[in-house]
1. For H78, work out the one condition from (1) assigned to a helix (DSSP H, G or I); (2) under 23 Å from A161 (Cβ atoms); (3) open to solvent by 20 Å² or more (accessible area, probe 1.4 Å); (4) not hydroxyl-bearing (S, T, Y) it doesn't fulfil.
2. Could you identify the single residue in F28, F72 that is buried (at least 22 other Cβ atoms within 10 Å of the Cβ), in contact with a strand residue (DSSP E or B) (Cβ under 8 Å, 6 or more places away or on another chain), at pLDDT below 95 and of a type in the set (F, W, Y)?
3. Tell me, which residue of the stretch 266-293 that is among the aliphatic types (A, V, I, L, M) and under 11 Å from G178 (Cβ atoms) is surrounded by the most Cβ atoms within 10 Å (Cβ to Cβ)?
4. Would you mind finding the one in E66, E37 that is in contact with a His (Cβ under 8 Å, 6 or more places away or on another chain) and open to solvent by 40 Å² or more (accessible area, probe 1.4 Å)?
5. May I ask you to list the residues in the stretch 155-172 that are over 9 Å from the mean Cα position of the chain (by Cα) and under 19 Å from H96 (Cβ atoms)?
6. Do any strands (runs of 3 or more DSSP E) lying entirely in the stretch 3-71 carry at least 1 residues that are more than 21 Å from L187 (Cβ to Cβ) and in contact with a Phe, Trp or Tyr (Cβ under 8 Å, 6 or more places away or on another chain), and which ones are they?
7. In the stretch 294-306, what count of residues is obtained for those that are open to solvent by 40 Å² or more (accessible area, probe 1.4 Å) and either among the acidic types (D, E) or modelled with pLDDT of 90 or more (or both)?
8. What's the total number of residues in the stretch 40-55 that are surrounded by fewer than 17 Cβ atoms within 10 Å (Cβ to Cβ) and under 25 Å from the mean Cα position of the chain (by Cα)?
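The values are calculated or read from the model by the stated rules, or taken from the named source; none is laboratory data. Everything quoted here is computed from the prediction, not taken from an experiment. In this analysis, Cβ positions are derived from the backbone assuming ideal geometry, glycine residues included, and neighbour counts consider all displayed protein chains. All accessible areas refer to the heavy atoms of the entire protein, side chains included, with ligands and DNA or RNA removed. Shrake-Rupley method; radii C 1.70, N 1.55, O 1.52, S 1.80 Å.
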Amino acid sequence: MQRRNHRVAVLVLDGAKPLDVGIPAQIFSTRQSMPYEVRVCGAHPGMVTGGDGLSYHVADGLEAFEWAETIFIPGYRHPDREDPPADVVDALRAAHARGARLAAISTGAFALAATGLLDGRRATTHWHYTHALQARHPSISVDENVLFVDEGSVLTSAGAASGIDLCLHLVRRDHGVGLSNHVARRLVAAPYRSGGQAQYVPRALPEPLGELFAATRQWAMERLGQPLTLGDLARNANVSARTFSRRFVEDTGYTPMQWILRARIDHARELLERTDLGVEQIADRVGLGTGANLRLHFHRILGTSPSEYRHTFAAHPLVE
């Protein structure tokens, strides 16, 4: 039976940042490979003055929230100076009460915070505004050291680029890692980054090891079925194990062996979604040895079993 497309609304507020608006609008745009449908809306239909010299003409007003199952609140300029319009805040609260999922990108967290739905929860925003968000909404536990925070029905992300990570996270949550990786390839983006990875803050430039480590990650991805140690990775990167481990955490948010384990689990997820291989065969193919070992780590990381995961996520035909 064909699944109905998930309905996504992208809210454009005055001063909206173009990249923040464009990320969810493009990622969730309706196409054969994407089981989503998108509408871009404003507080009222018509012209909305955006930030950075751009304006937007939106066809829908807040009535789009009644249609939407997920609502994105992109960042906007000067969020620390004034509250969002009261009718927007009321409409967001009402949508959440109906069961809609609310996701803020960057400074959109201020509009989401104004609803009170983040009170008593963790949240994040662009590093430049984390202290302002905490001061304006002291009931929120603001985490300035993460890319995004998933609190179930309310989610927040840091700067605009981490909005991509948040969107990919939601695709993965909704439809599995295979579709998420397909979207990442289409965007030429990293297939996954830890929500717990530290967001960028100004500091001295690190040594230029990023490209070298990217090559080592790719080298490891092609050898997940083989034994891999920290020493193997460091030798491939031509640095000491200690330097590699420290820089790897900065680059990915994981220790090297945590990253390898999660890469193996994600590879297992793809095989569960797209093949009829048994659990033992998949465990061997992804380098986890035995079905028991795969089940153990699968449950620790994902909170479910391989068989339950396979039952939940049917394969999607990836056609542009």
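1. Of everything listed in (1) assigned to a helix (DSSP H, G or I); (2) under 23 Å from A161 (Cβ atoms); (3) open to solvent by 20 Å² or more (accessible area, probe 1.4 Å); (4) not hydroxyl-bearing (S, T, Y), H78 misses just condition (1).
2. Checking each option against the conditions leaves just F28.
3. Going through the qualifying residues, I end up with L272.
4. Numbers: E66 fails: in contact with a His (Cβ under 8 Å, 6 or more places away or on another chain).
The match here is E37.
5. L155, T156
6. In the stretch 3-71, 6-12, 36-42, 46-49 are the strands (runs of 3 or more DSSP E) which contain 1 or more residues that are more than 21 Å from L187 (Cβ to Cβ) and in contact with a Phe, Trp or Tyr (Cβ under 8 Å, 6 or more places away or on another chain).
7. Going through the stretch 294-306, the residues open to solvent by 40 Å² or more (accessible area, probe 1.4 Å) turn out to be 295-296, 299-303.
When the remaining residues are screened for being either among the acidic types (D, E) or modelled with pLDDT of 90 or more (or both), the result is 295-296.
Qualifying residue count for the region: 2.
8. Selection size over the stretch 40-55: 1.
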